[in-house]
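As structure tokens, the structure follows; a few thoughts come after it.
The values are calculated or read from the model by the stated rules, or taken from the named source; none is laboratory data. In this text, all values refer to a predicted model and were calculated from it rather than measured experimentally. No Cβ is skipped: glycine too gets one built from the backbone with ideal geometry, and neighbour counts run over all protein chains shown. Please note that ligands, DNA and RNA were not included when accessible areas were found on the heavy atoms of the full protein model with its side chains. Shrake-Rupley method; radii C 1.70, N 1.55, O 1.52, S 1.80 Å.
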Amino acid sequence: MVQGTEGYRFQNWASTYSCHPELYFEPTSVEEVRQILELAKQRSKRVKIVGCGHSPSDIACTDDYLIRLNKLNKLLQVDKKQQRVTVEAGMLLSHLNEELASLGLALSNIGAVSDLTVGGVIGTGTHNTGIQHGILATQVLNDLDTHLKQSEYFRFFWFPHTDKVTVFYADRTDKPVKASSSWLWDYAIGYYLLELLLWISAFFPRLVPWITQLFFWLIYSVKGEQVNRSDKAFNFECLFKQHVSDWAVPIEQTGKALGQLKEWLERNPDVRAHFPVEVRFARGDEILLSPCYKQNSCFMNIIMYRPYGKELPRERYWAAYEQIMKRNGGRPHWAKAHSCVRQDFEKMYPAFHKFCSIREQLDPSGMFLNNYLEKAFF
Ligand SMILES: Cc1cc2nc3c(=O)[nH]c(=O)nc-3n(C[C@H](O)[C@H](O)[C@H](O)COP(=O)(O)OP(=O)(O)OC[C@H]3O[C@@H](n4cnc5c(N)ncnc54)[C@H](O)[C@@H]3O)c2cc1C
């Protein structure tokens, strides 16, 4: 169990602010951070992280528990091709600068000093200058904009109940076809295995996160490049029968909406979500009832499989998903399952009434309506 120190006095770099936390910690692992947070929760204490203490304010001060991450300061991963590194939040920028230089890389912008931690500069909006450059936090690796610019057809899969994501980049090319194959799919082994395991999970729902992990490692964790005809590149194996819901949120809401979905699933561990949550992007348009009407959008597609036709519980997951999408300005895909009615669409689409009057002119007797459309328009 990680030990806290009593009697520690914290002072910021400029000696303008100080505090006497009840306990001071220097954890050496994520597990120890978890233990400290658990202790704080049990004792109703507040927790503050301090980086280098360079902030010229009392932002890092607390009377309760203070955690310094100076021992969580390692370089974890390097992807030279993507010009990306993964580091722990307690790493000093001065250390990071050296690591990057040895790789022939550099941050595209840093502030006036480097005696700061990665966590501190990200958390406080640290900046320098250059109208083409954002604050330092915009260089953080999972920056959606970077991915969207990097590839013409970018999308990613999130694997519910895990932190795993698989990213797909696709671009046009003149190169000859070089398709890779997987024995799991070529002989339909993956297909049969997944359907069987999901069917078993109807009786042992706790298996779902394990199945998700297993398939991530078997199939989706593999890095690879292939060249294929465009139709073959766009189509992908949708496996067997499933329920699907797919809402478009304004692109700026992507991180927030996905984060809220993940958080909701974590708060409700008895709800099991199937993989993948497929995240795709589309340009805004001027089509009156397009989910992308006047906004660049992110489609977030959730699924629940029906192994051998068996229905698995999805009502709570579906309802929570819809609420999150609505809260983030979402609009449902017209073809996929949703529970929206006219009142919802009126709020979602600024041109809803214009569309309705055009529809009424073109079909005054309602000849082209059905139940689904009546719910949407009446
Ligand atoms: C001489 C000097 C020059 C500066 N130059 C610039 C500049 O050019 N541009 C600019 O924008 N700013 C500048 N600053 C401000 C500086 O960038 C910020 O104060 C920065 O946050 C300091 O980093 P730190 O690691 O010392 O963070 P701290 O001051 O220790 O902490 C700042 C905040 O970040 C939080 N935090 C730290 N680590 C984590 C973590 N791992 N997880 C969650 N929260 C965390 C803390 O809880 C606290 O709220 C300067 C400051 C000084 C003293």
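Once ligands and nucleic acids are excluded and a 1.4 Å probe is used, how much of His338 is accessible, expressed in Å² to the nearest 10?
Accessible area of His338: about 40 Å².
Just to confirm my numbers, what's the Cα centroid distance between the stretch 281-344 and the stretch 159-174 in Å?
The distance from the Cα centre of the stretch 281-344 to that of the stretch 159-174 comes to 20 Å.
Specify the inter-centroid distance of the stretch 78-132 and the stretch 1-71, based on alpha-carbon positions, in whole Å.
Centre-to-centre (Cα) distance: 23 Å.
Between Thr16 and Glu88, what is 0.36 nm times their sequence separation minus the Cα-Cα distance? Round to one decimal in nm. Don't skip to the answer; put the middle values down first.
Numbers: separation 72, 0.36 × 72 = 25.92 nm, distance 2.80 nm.
Taking 0.36 nm per residue and subtracting the Cα distance, the gain is 23.1 nm.
Rounded, prolate or oblate: which fits the stretch 61-145, taking a ≥ b ≥ c as square roots of the Cα gyration tensor eigenvalues, rounded meaning a/c under 1.5, else prolate when a/b beats b/c?
Oblate, since a/c reaches 1.5 and b/c is not below a/b.
Straight-line reach from Lys241: which lysines have a Cα under 19 Å away, not including same-chain ones fewer than 8 places off?
Excluding near neighbours in sequence, the set is Lys310, Lys336.
Sorted by accessible area with a 1.4 angstrom probe, largest first, how do Glu38, Glu225, Glu88 fall?
Glu225, Glu38, Glu88
Given Cα positions, please report Rg to Rh for the chain, the hydrodynamic radius being the Kirkwood one.
1.02
How do Trp199, Trp318 stack up against each other in accessible area, from largest to smallest, with a 1.4 angstrom probe?
Largest accessible area first, the list is Trp199, Trp318.
Relative to the Cα centre, what is the charge dipole magnitude of the stretch 144-284, using +1 at the beta carbon of each Lys and Arg, -1 at the beta carbon of each Asp and Glu, and rounding to the nearest 20 debye?
80 debye
Ranked by accessible surface with a 1.4 Å probe, highest first, in what order do Ile131, Ile67 come?
Ile131, Ile67
So, with +1 on the Cβ of K and R and -1 on the Cβ of D and E, and no other charges, what is the size of the charge dipole of the stretch 10-68 about its Cα centre, to the nearest 20 debye?
Charge dipole, the stretch 10-68, about its Cα centre: 120 debye, nearest 20.
Would you please name the trypsin sites (Lys or Arg not before Pro) within the stretch 303-378 that are DSSP coil residues with at most 15 other C-beta atoms within 10 Å of their C-beta? Each step should come with its number before you reach the end.
Values: sites: Lys310, Arg314, Arg316, Lys326, Arg327, Lys336, Arg342, Lys347, Lys354, Arg359, Lys375; in loops: Lys310, Arg314, Lys336.
Here the sparse-neighbourhood loop sites are Lys310, Lys336.
Place a +1 charge on the Cβ of each Lys and Arg in the chain and a -1 charge on the Cβ of each Asp and Glu, then give the dipole magnitude about the Cα centre in debye, rounded to the nearest 20.
Roughly 580 debye for the chain.
Could you list the residues of the stretch 276-297 with an amide nitrogen less than 16 Å from a label point located 7 Å from the Cα of Val140 in the Cα-to-C-beta direction?
Taking a point 7 Å out along Cα→Cβ of Val140, no residue of the stretch 276-297 has its backbone N under 16 Å.
On full extension of the chain, what length is gained from Ala351 through Glu374, given 0.36 nm per residue of separation minus the C-alpha to C-alpha distance?
Between Ala351 and Glu374, full extension yields an extra 6.5 nm.
Work out the FRET efficiency for Arg46 and Gln150 from their Cβ-Cβ distance, taking R0 = 45 Å, and round it to the nearest 0.05.
0.65
Give me the percent of the accessible area of the chain that comes from carbon and sulfur atoms, probe 1.4 Å, all protein chains in place.
54 percent
Hey, can you find the accessible area per residue of the chain for me, probe 1.4 Å, expressed in square angstrom?
Values: 22380 Å² over 378 residues.
So the chain comes to 59 Å² accessible per residue, rounded to a whole number.
Spin-label point model (7 Å from Cα, Cβ direction): what's the Asp270 to Met367 distance in nm?
With each label point 7 Å from Cα toward Cβ, the separation is 5.3 nm.
For Lys375, which aspartates and glutamates qualify as cross-link partners when the Cα separation must be under 14 Å and same-chain residues fewer than eight apart are set aside?
Asp344, Glu346
Straight-line reach from Lys178: which lysines have a Cα under 28 Å away, not including same-chain ones fewer than 8 places off?
Lys80, Lys81, Lys149, Lys164, Lys223, Lys232
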